[in-house]
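Quick notes on the structure that follows.
The values are calculated or read from the model by the stated rules, or taken from the named source; none is laboratory data. Since the model is a prediction, treat every value here as computed from it, not as a measurement. Ideal geometry is used to build each Cβ from the backbone, glycine not excepted, and the neighbour counts take in all protein chains shown.
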Amino acid sequence: MSEIAAGQAVIELLRAEGVEYVFGVTGLTTNSMVTQMYGREDIKFIDTRHEEGAILMAYGYSKSTGKPSVCMTTSGPGTINLAGGMSLALKGRAPVIAIAGDTAMEYIGRDGSQAFDLVNVFKPLTKMAVQANKTERVPDLIREAFRVAMWGKQGPVLLDIPRDLLDQETLSDEMLSPDQYRTVNARTSGDLQAVSQAANLLLSAERPLLLAGGGVVDAEASAEAVQLAEILDMAMVPSYGHHDAIPNSHPNYIGPPGGRGSGEAHEAMDRADVILALGTKINQASSSWDYSVINEDTKIIQIDIDPIEIGRNYPVSVGIVGDAQRVAQQLIEEVLKMSVDGKTNNIWKSEFQSIAKKRIERLGAEKSLNANPMMPQQVYPELTKALPKGCMVTIDAGVAPGLSYDRIFFEEPRTMFNYAGQGALGMGFSVGLGTKLGRPDRTAVSLHGDGGFLYTCGELNTAVRHNIPSVSIVLNNNCMGAEKSQQKALHNEKYVGVDLENPRFDKLAEVFGAKGYYVEHPSEIADVVSEAVKNNEPSVIEIPVQEYFPPSAPTPR
Ligand SMILES: Cc1ncc(C[n+]2csc(CCOP(=O)(O)OP(=O)(O)O)c2C)c(N)n1
Ligand SMILES: [Mg+2]
């Protein structure tokens, strides 16, 4: 490449990675990069109304596509505003690359205007945070940012570029393609001896259970996971928050674990004599990291891409480091080599299917609820009628949206998005927009409480300006329900900071130029959601619901 403006070189380096959107808010320090997207169709700047909206959209984009995403923000506070979303990208293993314009080198280290030590602010929230110190190093550092973000367990990276490295500077670069500087589609195989031990253990099991984690989604291993479950008559449970790892309508599927999940999944996990934990660290919410859900006698085979996770929270009988798809394939081959027909476990199969049936009956009984305002559980059977195939659902924190964990059925990977163990209320709206940008061919729905929706709903403006048609549903119980339930149960109903007064959310949407709907009766929900999906415009549906604080799903012990 001949010498071009350094800011343009940054944009071309992003294009080499296939980046189609850059999310951010402009600033003095990034203008030499941002303006290079002027008039371009192949790469667009999605200017948000707050940097948090930018990184949450980037997160949604990465999680819905499996591709890296990019934010571009200005020095000091502009980039510090990314911190919340960055922590989500770290916990949720999303390859989000933040390019931060910084003050010029000569103002760094002497309390310059808008100057902060961004590298150290972001070190604990990223896989790598680094500052460029020379114009010529910028191309290599951009490649390093993608390499680190995409390698192994994926995660966010911060690249800080002091503005004087780019302003009025030029660069030439050989413009490598990603496969020349990082592994593309790396599939790490498991150790053969460990695979063989695992296959033996699975074949000797009487009550095997597959616990399918986020690694199954990331490695696109759902088909292999299901095949393994079928040839071994394994019960299937997703790890908490990764319900889209396996098809929820499959006859071996039990339900999701966790406090907001199903007691039936816990019962099956307790009964299992061998758990195949595929692509999962066995997150805290799935099992509490004690023996209340997983039986102390249960043998665990754990497969994860990240060696640090093996045996971290439970002793394992076999630990395998590797890609979930690749190791699942190895296991299938090995099992079938040892036993041509796999293993039939008829007694267990009928036991776990009757456990699964109890869940369906329990949820079915909710259909007789009839309250005004409606109970939040009444929303879900109606909502699910209207969700098109392959619909992406982003679930915000909060008790009413959280009821969806046990009540929405996911059939395809990359259709469920949540706060991923990071736990931030308010992530849902912007993440939902990002999923829609990532997969415009699919419907994107986000579920919120009234508390969570107001966090980043200023991005309704971004949705309208950039025509991002997501459907947001606000379950309004006029309170911070999840916390009110705690104050009720544990603090003698001394309610502080939990009762809310809200605007009408449908009207708020209309003020922004989006579509607003207000639904008071369950029988209207499916039609209104279908209409909103069909209209293909940013829309907000407010549903007033009762305060309802469900108990945690029961555990066997
Ligand atoms: C960033 C952040 N702040 C605070 C909390 C604590 N918190 C969790 S849920 C919740 C209330 C949610 O209220 P709402 O969105 O209305 O949903 P509801 O529980 O009422 O259904 C709060 C304050 C959090 N998880 N994250
Ligand atoms: Mg609420």
Worksheet item: If you scan region 465-480, which residues turn out to be farther than 21 Å from V393 by Cα and either within 7 Å of ligand 1 (Cβ to nearest atom) or aromatic (F, W, Y) (or both)?
Response: C479, M480
Worksheet item: Could you count how many residues in region 278-310 are of a type in the set (S, T, Y), without any contact (Cβ under 8 Å) to a residue 40 or more places away in the chain and buried (at least 23 other Cβ atoms within 10 Å of the Cβ)?
Response: 1
Practice prompt. Name the one entry in G423, G428 that is over 22 Å from V533 (Cα atoms) and within 12 Å of the chain's Cα centre (by Cα).
Written response: G423
Worksheet item: With respect to the numbered conditions (1) closer than 19 Å to P95 by Cβ; (2) part of a helix (DSSP H, G or I); (3) within 16 Å of ligand 2 (Cβ to nearest atom), which one is the sole condition not fulfilled by S404?
Response: (1)
Worksheet item: From the list S446, S472, S430, which residue is buried (at least 24 other Cβ atoms within 10 Å of the Cβ), more than 27 Å from S287 (Cβ to Cβ) and away from ligand 2 (no atom under 16 Å from the Cβ)?
Response: S430
Discussion item. Name the single residue that is farthest from ligand 1 (Cβ to nearest atom) among those in region 448-464 being more than 10 Å from G53 (Cα to Cα) and touching a Ser or Thr at 6+ places or on another chain (Cβ under 8 Å).
Written reply: A463
Response to the item:
Only unsatisfied item for A424, checking (1) touching a residue at least 60 places away in the same chain (Cβ under 8 Å); (2) buried (at least 24 other Cβ atoms within 10 Å of the Cβ); (3) not charged (D, E, K, R), is (2)
Practice prompt. Within region 481-512, track down each residue that is hydrophobic (A, V, I, L, M, F, W, C) and either buried (at least 18 other Cβ atoms within 10 Å of the Cβ) or within 13 Å of ligand 1 (Cβ to nearest atom) (or both).
Written response: A482, V496, V498, L500, F505, L508, A509, F512
Worksheet item: Does region 379-388 include one or more residues that are surrounded by fewer than 16 Cβ atoms within 10 Å (Cβ to Cβ) and at pLDDT 95 or above?
Response: yes
Practice prompt. Look at E501 and say whether it is within 21 Å of C391 (Cβ to Cβ) and either modelled with pLDDT of 95 or more or in a loop (DSSP other than H, G, I, E, B) (or both).
Written response: no
Worksheet item: Could we say that D450 is in the same structural domain as L508 (by TED's automatic domain parsing), without any contact (Cβ under 8 Å) to a residue 60 or more places away in the chain and more than 24 Å from M375 (Cβ to Cβ) here?
Response: no
Worksheet, complete the sentence: Picked from region 111-161 (must be of a type in the set (V, I, T) and within 21 Å of the chain's Cα centre (by Cα)), the residue farthest from A58 (Cα to Cα) is V148
Worksheet item: Y107 passes all but one of (1) hydroxyl-bearing (S, T, Y); (2) under 24 Å from the mean Cα position of the chain (by Cα); (3) within 18 Å of P162 (Cβ to Cβ); which number fails?
Response: (2)
